[in-house]
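Worksheet: the structure to be examined is printed underneath.
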Amino acid sequence: MQTDISTELFDETMLQHPKKYKVYLLNDDYTSMDFVVDILISLFHKSFEEAEKIMLEIHKKDRGLCGVYSHEIAETKVMQVQRHAKDSGFPLKATMEEE
Ligand code: TYC
């Protein structure tokens, strides 16, 4: 079998530096501050103090960083936010972007 050195190097790089994704919560006018704090504690494992800080940052600056994860975990976090928000009747949204 022929070895393609560029493919090999690429594969090795991807194994050593898998891409990371930032997950953000977005501001809106309807989601309660308490709900956002609860989400940050339960889904993003923040302390109450950190959660309050991030929530207020989102409230003032329109979005806030909640965590950095592998693609699969980031996607799961975004979906979990969507499901919890929908179940609670809030329009809260999360997004992810490559680091
Ligand atoms: N802006 C919302 C309010 O005044 C609070 C809020 C904070 C909503 C963060 C979403 O991601 C958010 N009730």
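For region 65-99, the residues whose amide N sits under 16 Å from a probe point set 7 Å from the Cα of Asp38 along the beta carbon direction are 80-93. For the chain, the ratio of Cα radius of gyration to the globular rule of thumb 2.2 N^0.38 Å stands at 1.37. Relative contact order of region 18-98: 50 percent, from C-alpha pairs under 8 Å at least 6 residues apart in sequence.
The angle separating the long axis of helix 71-88 from the principal Cα axis of greatest extent in the chain is about 20 degrees. Extension gain, Glu52 to Glu99: 0.36 nm times the residue separation minus the Cα-Cα distance gives 14.5 nm.
Values quoted throughout were computed directly from the atomic coordinates according to the rules given, and no laboratory measurement underlies them. The shown structure was predicted, so the numbers you read here are calculated from the model rather than taken from an experiment. Quick reminder, even Gly has a Cβ in these numbers, built from the backbone with ideal geometry, and neighbours come from all protein chains shown.
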